[in-house]
Every structure is written in C-alpha cells, then in structure tokens.
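What follows is one structure encoded as structure tokens, with my remarks underneath.
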2 protein chains.
Amino acid sequence: MSDMRKTPTIQDVARFAKVSTATVSRALSSPERVSLGTRDRVSEAIRVTGYTLNQAARSLRQRAAKTILVALPDIRNGFFSSILDAIEREATNRGYSVLVANLYLGHESARRLEGYLFSNRADGLLLLDGSLDPQALRVLTTAPHSFPMVVACEDIPNAGFHRVLTDNQVAAERATRHLIDLGHRRIGHLVGPENNVVARERNAGFVSALRQAGIEPNPQWLIRGNFEMQAGFAAAARFMTLSERPTAVFAANDESAIGFLSGLRQQGIECPRDISIVGFDDLEVAAHYRPALTTMRQPRETLGRLAAETLIDLLEDDGTTRSAMHIVLNCELIVRGSTAPLAQ
Amino acid sequence: MSDMRKTPTIQDVARFAKVSTATVSRALSSPERVSLGTRDRVSEAIRVTGYTLNQAARSLRQRAAKTILVALPDIRNGFFSSILDAIEREATNRGYSVLVANLYLGHESARRLEGYLFSNRADGLLLLDGSLDPQALRVLTTAPHSFPMVVACEDIPNAGFHRVLTDNQVAAERATRHLIDLGHRRIGHLVGPENNVVARERNAGFVSALRQAGIEPNPQWLIRGNFEMQAGFAAAARFMTLSERPTAVFAANDESAIGFLSGLRQQGIECPRDISIVGFDDLEVAAHYRPALTTMRQPRETLGRLAAETLIDLLEDDGTTRSAMHIVLNCELIVRGSTAPLAQ
DNA sequence: CGGTGTAGTGCAATCGATTACATGCGGTTG
DNA sequence: CAACCGCATGTAATCGATTGCACTACACCG
C-alpha cells in the first residue's frame, strides 16, 4: 500500500540490467537473438523489478490486439456457452484473449460490432449469430477497412466469408426422416426465430424430408418458437388448440423441445406415448431429461475449436489471402426415449 | 479492396477539419469545450474520413483499458453463463468490454490471471471461482501492484476483497429445513467439489440445519459430486449401494440434482414417490424438468449486475478507497414437484 | 593482411490519442 | 485604459513497447 510507485516499464528493466530497451524487448520476444549472458541478466531484472508487459503499448505499436471478439445471440443458451468454451480454450492456447459481445437486438448490434472492431480492441470477429440484420452485416463487409472474420453456426452464402458450419438442413432432414421411419405421417415443426438463418435451414430440411416421403406439410403444424425454453412451453398451449394434432414434432432445438415437452405434460400429453419429439443440439441435459431426448447432436466442441482456429490462422497469415474457407461438419442422430413408433 | 490505405487516424481528421488533433480529441471526449462550429466540422470530417478511435492508443495514454476480466470455472454451466450475461449487459452499458477466462485447473490459473491483469489488458477482475487455490490468490493480493477486484459467488473472508455473494449457508439451511419440515429424517447431501468454498458453505448449512433439528448427520450420506450433471448421475449408482438409504437429498446445485435424478430413475427410484430432492440455483430447466425441481433460487441477474457495478464503481472512484464492500443477497426457496411429505 | 560476414547491441523514430501548458482574442472591471 | 478573465484552440510532450538502421567486435576466408 505504501509502495505506490508506478508499475515498472521496460525502461526500468533495461536500466537494472544495464542494457537498452531494445535488448529487453528482444530478450522477451525473440530470445535467440540475444546472448545467453544478457538473457539471464534481463530475466533477473524482470524478476527483481516485477515487470509485466503493457499490452496496450504493444498493441499500439504492432497494430494487433491479440484478441478476438465473439459475438453471439445468447450466452445463456447451453449450445452457445459450450461453443464459447471451446473457442476460449483454443484462443488461450494460441495466445489470444476473448472478448464477448451479446447481441440482444439484431439492430443496434451492427454499430456495436463496428465500434469494437474498428477500434483495435479486437483483431477479428467470430460471428455466431444467425439473426443479424443482413443490412447490418453489409456494413461490416463493405466497410472501407474490412477485417478478418469467420462466421460459425449460421450460413451467410455468397458473402465471401469464411464459414464453419454444421449441415443444418441435411441434419434436419435426417431428424424428420427418423420420425417418418417410425411410421409418423402427421408431423409438426416447432420453429426457431423468424429471420434466423439456422432456423430457416432446419425448417427447409423439415419440409424437404416430408416432401421426399410424399407428405405435404401442413402449415398449421408449423408452431412458432424462438429457440427458448419459455417459447417452447408457450407453444404447447397453442398446440392443444389445434383441431387435428400431429403425432410427432421436430423441434428446432433442444431448449425449445424441453419447454414444449414440459408444456405438453402439463396438458396431460405424454411423450413418447402420445407424441414423439426430436430435438436439435444434444445439450447435456438432453440425455438426462425425462424422457431422454432424441436429438441431432451438433459437434459443438469441434465447431468452436475449428472456428477459432480458422480465425486465428487468418490473422496470422499475413497477406496470403486464401479463398474463403468453408467447413461443414456433420451432425449425428442420437436416438433416445422421446421418439417411438406410431401407435396403431 | 484496391482501397488499401491505412485506417484513418485523428491526424487525418484534424487535417480535414483544419483544426489541431487536440481539438478533435476534445470534440470527441468533451464536446462542451469546443465551439459549435468546430464541432460540426469535426463531425463532418470524421464521417468523411471514416475515422474510428484506436483504443490501444487511448489505453496507453490513459492507463485504462476500459475492460474487465471475468474469471469463471465453467462457462458451460447455466448458472455461470447467466451471470456472465448480466455482467456483460452492465459492463456494456457503462462502456466497458468483457474478457472471459475459463479456469479449468485451479493451478496454473493464477499465472494466467496475473498475465492478463498486469498487462493492462483489463483494468479489474471479477472472480467467480470458488475453487481457486488460496495460495494462488495470495499472489494476486500481495502483488506489489495490486488492482481492483471483486469476488462474486464465492466468499473469501478476511482478505479485504469486495464481495457480492448469496447467503449460501443460510440458504442451504433453509433448503434442508424444507425437507425436515416435510417429515424427512434420513437426509443426504450431494456435495459439490472439494476445496470449493461455495460447496463447503452449502455443506455447512446442511449440517447445521440437521443439528438444529436434533438430527446427527450420517457421514455415509454425504455423496461425492462436483456440481456437474455427469457426477450427479454417477452418484446415483453409488447411492444404490448404501445399506440404508436417505429418503431425501439436498443437492449442492441443480445440475448435479438433475444428473442424480436421472441416475436414480434408471435404477427404478421415483421422485418424489421414493425420494425427495432439493436443488440449488433454479436454472431455467429446473421448472421444466420432470419432476419440476424444488430448489433455492439464486438471484443470478442481480448478482451479476451488482458485481459488475461494484467493480466498475471501484474503477471509476479514483483514489477514494472505500472500505471493502460486502453485499449479500438472499435466495428464495421455490417449491415444486421434486419434494413431498415423507410417506408413512 | 584486407575484406566480408555475422552475432549482439544501441539509438531513436514510431504507433495514435490525450493533455498540460501556452497563446490569442474579445470582453469586463476598477 | 490597464489589468485581467475565460473561452477556444494550438503546440508539443507523453504513455511503453517495437523495430529499422547503424555500429562494434570478432571470426573466417582467400
């Protein structure tokens, strides 16, 4: 407390080690360019003075913050928090810090992202939000000084972005086909948020699977949702008012599937006896829910890791403007107790 | 793409507006000190040049990164991700960015934190990890240049930290008493990780409630866990091997309670018919689980917001070294379907 | 022995914004 | 009218690390 000197700088270290600041700097960032003896003296000086690097100064000089920005729609969702976890791991391994930005409204978000990125706080963006206003995105792309960016989870075709995705549409088809294979013909879909790319792809996969099986989708059975548990719960009430009800439902994600199941139970509908449900994501709780949830597993850890890898590779590849990466990961159908053959 | 000039600086703006850089800087950070006419010219110049602030340069000069570091044990846990969400909101509102650091091992963590903080990447630390090695913490405290820091969730008494907590022990007592009130006498506890402060407090509350009711806790009924769902699931198997089994269990958190319930069901034990369970946290899924989980609700949003507020207040209070804050929030017992009166 | 190469180090400019201090100017006051 | 004040603005130092260039000393080669 009494020791209120300012924090030591590279100057202090230099003075103590009786070398120039240039040498100290080199001893830190490229030790092989410094003789063994000096290196030791510098280490000792650092120890004694308690020196730590000032990242702001380094960033200013090197024009790089060694930081990536992760923009996501909802940290609280287990799907995103897992991905964030994987990203953070990979980034830390490679010496990068992770800034998080939660984008509640698709609207003002773009301004926020701009502010973040163009201010040298972050060197690149990892965008996980499928709901972002397309016009907002255009700002990011067409900005006079565009910067490295990878979109993950959501597809934004034809924009030249690097992308790391899962095959949402194909996976949704497979999930739906699973229900068809069980004999279901009256199949509904608990939809994700409007204007969300991922939600639309899953919807498309759903429709496509039905059509392939010669079933015409019933628009009444597209039940509004928004990926959230509460919305799934509310959807159950609306479901009950349908004059004719599906015997199976493909939910756009696990959270809403769980809310939906919970709502249905309250209405006396039992799963899988009265209805079969497939979810999407394979959240950890899916296996422990009752009934255990049949779901499409997304390789979340892999997805997060690859996304981070791709972005950081991009940042460190100076100039070598490779053509846009496009990685697509497969999902895996996990069959559990929430789906059953159609009762005769 | 052909437009590869470097990003515009305050110099460019100044040149364009025909004023000095000082004036531009003032127009941005204290507009009232600049005449209306110049202010307009500067705005226009900023618009035309597409200028954005270089945060690194500002941080260097002002010795403040306008960034806080949030250190937590597991982002994937719904409890922490909710808190992180609240923190991020508050921080953003007040113009701060949020860096996240996941601390897997209680060990190397301290080094990492040190590195982060003493490098001017972040101005302060929000510590949410109850498992941090005490010795590691000492490093942070006794460092010659200690910095603002708030611990949340976990209590670290006598260290002079600012703290924002819930009354874990009292809440655990209340949760346990709820079981006692229902007539249960053989009550077990699904424990959190060893060396975790929060886990210990809840354990203490559990024991204290029993003692107050004249019940001597049975050491056999302290079931090992670590806050994770999987551990709860595994615990159920061990539970089955007990010669005499409790009729009720207080789980240290909802995640492990859910895993435990799932494991028990697999063993044919029905809740609440055969056993009553109380959890802790009130995760969103708790209300939608089956049975709906009786649990102690922690005011997560409030907790996150207050923690962020406290830290930022601290950062902006130059010098006014107030004595350490100590905020304690109350939890609320939410009674749902997982607890029932002891069957005679 | 002169020339060339190279390892090790220092000097000083540089990154971009902020800010203490200085300046000029119009207006007020005693 | 001189002294003074305050507003608006400019000048230039400053934050702390990096790095291009220059220099020295020594080794090696023909």
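Tabulated values for the structure
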item	result
The stretch B:249-344: trypsin sites (Lys or Arg not before Pro) falling in loop per DSSP and having at most 14 other Cβ within 10 Å	B:273, B:322
Nm distances between copies for residue A:335, ranked from closest, using label points 7 Å along Cα→Cβ	4.4
Average Cα contact separation per residue, chain B, under 8 Å, 6 or more apart, as relative contact order %	16 percent
Given 15 as the ceiling on other Cβ atoms within 10 Å, longest exposed-site-free region of chain A for GluC sites (Glu not before Pro) in DSSP loops	A:1-107
Cβ-defined net charge surrounding residue A:184, 13 Å radius [Lys, Arg +1; Asp, Glu -1]	+2
The stretch B:235-308 - convex hull of alpha carbons, volume per residue in Å³	85 Å³
Inter-copy label distances at residue A:22 (7 Å, Cα→Cβ; nm, one decimal)	3.3
³J(HN,Hα), Karplus 6.51/-1.76/1.60, whole Hz, each residue of the stretch A:337-342, x for Gly, Pro	x, 8, 10, 8, x, 4
Under-5 Å amide H pairs with residue A:166, H placed in peptide plane, nonlocal only	A:153, A:329
Other protein chain Cβ atoms within 10 Å, averaged over every residue that makes up A:53-64	6
Total formal charge among the other residues, if their Cβ is under 15 angstrom from that of residue B:244, Lys/Arg +1 and Asp/Glu -1	+2
DSSP-defined antiparallel bridges as percent of all bridges, the protein assembly as shown, nearest 5	10 percent
Environment charge at residue B:126 (Cβ cut-off 12 Å; Lys +1, Arg +1, Asp -1, Glu -1)	-4
For residue B:296, residues with placed amide H under 5 Å, excluding near neighbours	B:279, B:280, B:281, B:282, B:334
Solvent accessible area, Å² - residue B:271, 1.4 Å probe, full protein context	10 Å²
Among A:38, A:184, A:204 the positive-end extreme of the charge dipole of chain A (Cβ point charges)	A:38
Projected-area mean, the stretch B:1-46, by convex hull of Cα positions, square nanometres	3.3 nm²
Kirkwood Rh, Cα atoms: Rg over Rh of the stretch B:119-269	1.07
Shape metrics for the protein assembly as shown, restricted to C-alpha atoms - Rg then Dmax, Å	27.7, 89
Interface B:A - total buried accessible surface [probe 1.4 Å, Å², rounded to 100]	5100 Å²
Accessible area (Å², per residue) of the stretch B:1-95, counting only protein heavy atoms and a probe of 1.4 Å	55 Å²
The stretch B:177-263: mean projected area of Cα convex hull, nm²	5.1 nm²
Calculated label separations, residue B:301, copies of the chain, 7 Å along the beta-carbon direction, nm	3.3
Heavy-atom accessible surface of the stretch B:1-46: percent carbon and sulfur, 1.4 Å	55 percent
Residues of type aspartates and glutamates that residue B:18 reaches as a straight line, Cα spacing below 17 Å, ignoring anything fewer than 8 places off in the same chain	B:40, B:44
Semi-axis lengths (Å, descending) of the ellipsoid that matches the C-alpha gyration tensor of the stretch B:12-82	37, 13, 12
Integer Hz, Karplus 6.51/-1.76/1.60 couplings in order for the stretch B:215-228, x for Gly and Pro	10, 8, x, 8, x, 4, 9, 8, 9, 5, x, 8, 6, 9
Kirkwood-type radius of the stretch B:211-344, with distances r between different C-alpha atoms, in Å	16.8 Å
Inter-probe distance in nm under a simple model that places probes 7 Å from Cα toward Cβ, at residue B:6 and residue B:273	7.5 nm
Solvent-accessible ranking of A:132, A:28, B:306, largest area first, probe 1.4 Å	A:28, B:306, A:132
Rounded FRET efficiency, nearest 0.05, which uses the C-beta distance separating residue A:40 from residue B:47 and R0 of 51 Å	0.40
Kirkwood Rh and Cα Rg combined as Rg/Rh, chain A	1.13
Long-range HN-HN contacts of residue B:121 with modeled amide H, under 5 Å	A:55
Counting DSSP beta bridges with both ends in chain A, the antiparallel % (nearest 5)	10 percent
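The values are calculated or read from the model by the stated rules, or taken from the named source; none is laboratory data. Quantities reported herein were computed from a predicted structural model and do not represent experimental measurements. FYI the Cβ positions are ideal-geometry reconstructions off the backbone, even for glycines, and counts take in every protein chain you see. Ligands, DNA and RNA are excluded from the accessible area calculation, which covers all protein heavy atoms including side chains. Shrake-Rupley method; radii C 1.70, N 1.55, O 1.52, S 1.80 Å.
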